Amino acid sequence: LREKLDSYMEAYVDYQNLQGSVLVAKDDEILLNKGYGYSNKEQFIKNKPQTKFAIGSITKQFVATGIVQLEEEGSLNFEDKLSKYVEGFKDGDKITLHNLLTHSSGLVNVTNLPNFYSLEGKGPEEAVELAKGVDLSFKPGEAFEYNNTNYILLGMILEQVSGLSLEEYFHKNFFEPVGMKDTGI
């Protein structure tokens with residue numbers, strides 16, 4: 001079975017350009033624990049089982065769960081307006097946290113703006129500044145549009161309300177309780 005699993009994954013590397021690490025276990029037995037492809041193709045650095053990967057938009061689920069936890073403890077409310085936490089959005093008093101969570105805010109997706117990628121290495125505040133002057137795409141709650149700006153803002157709000165950085169919040173509330181020692185921001 002181990003050989004078949006490895007052979008199957010190697011086919012994905014060859015034909016589907018798989019880049020990653022795979023762990024397959026059944027009951028208490030590890031059947032496959034191997035890296036495939038390259039973590040850095042230019043330098044010929046291969047993936048290992050211990051390779052750490054950027055999770056990108058999967059972060060949104062952690063941010064959303066943190067916001068839900070803060071709402072459950074009464075520290076914020078889904079109907080709170082964006083303007084309560086972040087100043088400078090001309091429609092900030094019309095956009096709720098619920099709109100941000102459900103991609104129904106109408107805000108511009110900052111990662112679609114040409115200046116966004118010149119911000120590399122800067123903080124979320126600079127990204128938010130790019131979005132502040134742009135008109136809404138639609139009235140809050142009237143449509144759905146996947147939007148990174150919403151979750152950049154929610155991350156900032158989570159930090160503001162909890163008094164912790166995202167990394168500290170994630171570690172304390174998600175990673176440490178389940179023993180995730182090699183996960184972080």
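The values are calculated or read from the model by the stated rules, or taken from the named source; none is laboratory data. All figures in this text were calculated on a predicted structure; none of them were measured in a lab. Here Cβ is always computed from backbone atoms with ideal geometry, including for glycine, and neighbour counts include all displayed protein chains. Heavy atoms of the whole protein, side chains included, go into the accessibility calculation; ligands, DNA and RNA do not. Shrake-Rupley method; radii C 1.70, N 1.55, O 1.52, S 1.80 Å.
For an R0 of 22 angstrom, estimate the FRET efficiency from the Cβ-Cβ distance between LYS26 and ASP6 and round to the nearest 0.05.
Numbers: r = 15 Å, r/R0 = 0.68.
It comes out at approximately 0.90.
So how far apart, in nm, are the two label points at SER39 and GLU120 if each is 7 Å from Cα heading toward Cβ?
According to this spin-label approximation, the distance is 2.0 nm.
If I compute solvent accessible area with a 1.4 Å probe over the protein chains, what percent of it on the stretch 109-185 is carbon and sulfur? List each step's numbers first, then the result.
Values: 2310 of 4620 Å².
Carbon-and-sulfur percentage of accessible area, whole number: 50.
Just the number please: accessible area per residue for the stretch 23-67, 1.4 Å probe, all protein chains included, in Å². Mind dumping the intermediate values first?
On the way: 3280 Å² over 45 residues.
On a per-residue basis, 73 Å².
Two decimals is fine: what is log10 I(q)/I(0) at q = 0.18 Å⁻¹ for the stretch 110-175, from a Debye sum with one equal scatterer on every Cα and no solvent?
The Cα Debye sum returns log10 ratios of -0.80.
With just the Cα atoms of the stretch 1-93, tell me how far they stretch along each of the three principal axes, in Å, largest first.
58, 38, 21
When the accessible area of the stretch 1-101 is computed with all protein chains present and a 1.4 Å probe, what percentage of it is carbon and sulfur? Walk me through the numbers before you get to the answer.
On the way: 3460 of 6950 Å².
Summing carbon and sulfur atoms, their accessible area is 50 percent of the total for the stretch 1-101.
Angle check, please: helix 59-72 long axis (alpha carbons) against the longest principal axis of the chain (alpha carbons), in degrees 0 to 90, nearest 10.
Long axis of 59-72 versus the principal axis of the chain: about 50 degrees.
When only C-alpha pairs under 8 Å and at least 6 residues apart count, what is the relative contact order of the stretch 32-110, in percent? Please report the intermediate quantities before stating the final value.
Numbers: 56 pairs, mean separation 12.2, N = 79.
Answer for the stretch 32-110 is 15 percent.
Taking 0.36 nm per intervening residue step and subtracting the Cα-Cα distance, what contour gain separates SER57 from PHE138 on full extension? Mind showing how you got there, number by number?
Numbers: separation 81, 0.36 × 81 = 29.16 nm, distance 2.30 nm.
Result for the pair: 26.9 nm of gain on full extension.
Quick check: Cα centre of the stretch 153-185 to Cα centre of the stretch 39-57, how many Å?
23 Å
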